[in-house]
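Here is the structure we will look at.
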Amino acid sequence: MIFRRRRFGDLIRRQLDLFVTDHADVLFDVAERRKLWNTAGRDEAEELYGDYVDAFETGTELLADVRDHFASTLAEADADEYRLEFDRAVAKRLPVFRLELENR
């Protein structure tokens, strides 16, 4: 089996390192709100789910901004490759954001 080195792998790793450091509060908020929602009683669950979704969307928007800003500096074919690699890296490192990010 041949393993192909990702063209943008090192760059994306550094971008995600910075994201995790710079937005640790957002990641904590997502995890905390998810935990609260999962442990909530029936009466509180709907409101807590809304809080979780708000935090989750904030993180997704921030990741999409990082991805799309850099992609805008590339030629179209390169931008497509970069976006694909970025989304795959997020799926591995920050899987909670995977599906929503791919839909943006």
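The values are calculated or read from the model by the stated rules, or taken from the named source; none is laboratory data. Because the structure is a prediction, the values reported are computed rather than measured. Because the Cβ atoms are built from the backbone with ideal geometry, glycine has one as well, and the counts that use them run over all protein chains shown.
Listed by first and then second residue, the pairs linking a residue in the stretch 84-102 that is closer than 14 Å to Arg14 by Cα and acidic (Asp, Glu) to a residue that is at pLDDT 95 or above and not in a helix (DSSP H, G or I), with Cβ atoms under 9 Å apart and 6 or more places separating them unless they lie on different chains, are Glu85/Phe8. Of all residues in the stretch 13-33, those that are of a type outside the set (A, V, I, L, M), buried (at least 18 other Cβ atoms within 10 Å of the Cβ) and either modelled with pLDDT under 95 or within 15 Å of Glu57 (Cβ to Cβ) (or both) total 2.
Would you confirm whether or not the stretch 1-9 contains a residue that is touching a residue at least 60 places away in the same chain (Cβ under 8 Å) and charged (D, E, K, R)? Yes, the stretch 1-9 has at least one match. Checking Asp25 against (1) in a helix (DSSP H, G or I); (2) in contact (Cβ under 8 Å) with a residue 24 or more places away in the chain, only one condition comes out false. Which one? Just one mismatch for Asp25, condition (2).
Does Tyr82 satisfy the criteria of being among the hydroxyl-bearing types (Ser, Thr, Tyr), in a helix (DSSP H, G or I) and over 21 Å from Asp25 (Cβ atoms)? Before you say what the answer is, go through the steps one by one.
On the way: among the hydroxyl-bearing types (Ser, Thr, Tyr): yes; in a helix (DSSP H, G or I): yes; over 21 Å from Asp25 (Cβ atoms): yes.
Against the criterion (among the hydroxyl-bearing types (Ser, Thr, Tyr), in a helix (DSSP H, G or I) and over 21 Å from Asp25 (Cβ atoms)), Tyr82 qualifies.
Summed over the stretch 64-104, residues that are in contact with a Ser or Thr (Cβ under 9 Å, 6 or more places away or on another chain), of a type in the set (D, E, K, R) and surrounded by 15 or more Cβ atoms within 10 Å (Cβ to Cβ) total 1.
Which residues, taken from the stretch 55-71, are polar (S, T, N, Q) and free of Cβ contacts under 8 Å to residues at least 40 places away in the same chain?
Taking the stretch 55-71 first, the residues polar (S, T, N, Q) are 58, 60.
Hit for the stretch 55-71 is Thr58, nothing else.
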